[in-house]
Every structure is written in C-alpha cells, then in structure tokens.
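Every number here is computed from the coordinates shown, using simple stated rules; none is lab data. For clarity, every value in this text was computed on a predicted model and none was experimentally measured. Counting neighbours? That spans all protein chains shown, and the Cβs are built from the backbone with ideal geometry, glycine included.
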Amino acid sequence: MAINVREKYLKSSDKMSWWDMLYLPAILKGMTVTLKHFLFTKAYTVEYPEQRKPVAERFRGRHVMKRDEEGRERCTACFCCMYSCPADCIRIEAGEVTPEIQSNHPEDKYAKVFEIDLLRCIFCGMCQDACPKAAIFLEGDYELAQGNDRDAYILTKMVMMESESKPRKVRR
Ligand code: SF4
Ligand code: SF4
C-alpha cells in the first residue's frame, strides 16, 4: 500500500533509472569531489601550537603598554581608560614623578600600579580608544590561559611593557 501511494505521487521524471539504482556511479562521483579537495584545495587549518596563523590587523588580544620615542612610559595615569572601561576591570594607582625617575616619564604623574583583570575584560578596545597618550593597545597575543589561579589573570604593567623594553615608534 505504501509503495502504491508513493508511486502515485512520484512524477515519472522522479523515478530512479536502473543506472541510479546501482548507486556506485553516485558514490564514485562524490569520492572524486572529495579527492579533488584533498589533493588540490589549500588547507585552512594549521597544526596549532606548532604552527600559528597571523591574526587580523584589527584583532584585539592582550594589552600592551607603549613607550615614546625617547623610551619613556607614555601612560601618565590620567584614568581615562579606567573610566571608559565597561567591565570595570582596570585598576590604576597614580604616583608623583620624582626627579630620580623623571627620565622615564614625560609628565608629573605616572601609573605606579596599572592592572587589568583579564577574567573580566571583554576585549572591547575602549581603553585603547580612550587613551589620549596612545599608551595602551590591544595587540595580537591570544594565548591568555595561565592556569586555574585567578590571580594569574591579573595583567600587570610590568607584563604589559615587556615587549617595550627598548624605545620604539608607536603606531597610531
Ligand atoms: S578592552 Fe574593554 S573591557 Fe578590557 S580593559 Fe579595555 S576597556 Fe576594559
Ligand atoms: S593608559 Fe592612557 S588612558 Fe589609561 S591612564 Fe594611562 S594615559 Fe590615561
């Protein structure tokens, strides 16, 4: 009965020919497509972590703090980034610049403490946009896992300045 109903509603062009019912040609056709991709299509995956793909120019990864052309810390502890942060994850303590450390700072205030809680950060980039001194940027580092300890996810100024040990030109 079921077969009769099916045949009633099938158009003659929908009926399978004996060639179709062999199935083998369709399987071979599919395998040819698979083989073509296997041999000639460029792989989009890489064997991470041995291989890494470059991130996009606008990617927002871990924060980096910059120095100016004279090697001084660009951050002047103005708090703009802290007040712009929607996740409330930046903590800054400002310090007075004394004559002994003046050569490392362009103005009379500096960030004695500058910390970002990476577990709260949503990597929105608003701190970077708000900074009037071009001092903080979210760059390409995406390997942020540090273990199970919450304290390990507090990003300190020292870590953020690691890549800035030498004076270099900032991009902006
Ligand atoms: S990226 Fe966004 S959430 Fe993270 S510290 Fe900057 S402003 Fe805050
Ligand atoms: S990083 Fe920029 S916005 Fe944040 S306190 Fe320093 S100078 Fe101000």
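Worth a mention:
- Principal-axis tilt of helix 24-40 within the chain, Cα atoms, nearest 10 degrees: 20 degrees
- The label-point distance for Thr34 and Asp20, in a model that sets each label 7 Å from Cα toward Cβ, rounds to 2.3 nm.
- In segment 27-75, the chymotrypsin sites (Phe, Trp or Tyr not before Pro) that fall in loop regions by DSSP, at most 11 other Cβ within 10 Å: Tyr44
- Dimensionless Rg over Rh [the chain; C-alpha; Kirkwood]: 1.40
- Our note on the geometry: Cα centres of segment 41-119 and segment 126-160, 6 Å apart.
- Placing +1 on the Cβ of every Lys and Arg and -1 on the Cβ of every Asp and Glu, with nothing else charged, gives the chain a dipole about its Cα centre of roughly 1120 debye.
- Among the lysines of the chain, pairs at least eight places apart or on separate chains and with Cα atoms under 12 Å apart come to 5.
- Of His37, His63, His105, the one that fluctuates the most in a GNM where the chain has Cα springs shorter than 10 Å: His37
- Helix-only mean residue ellipticity at 222 nm for the chain, each DSSP H run of n ≥ 4 adding -39500 (n - 2.57), per residue, nearest 500: -6000 deg cm²/dmol
- Mean sequence separation of contacting Cα pairs (under 8 Å, at least six apart), scaled by the length of segment 63-164, corresponds to a relative contact order of 36 percent.
- Computed over the chain, relative contact order equals 26 percent, with contacts defined as Cα pairs under 8 Å that lie 6+ residues apart.
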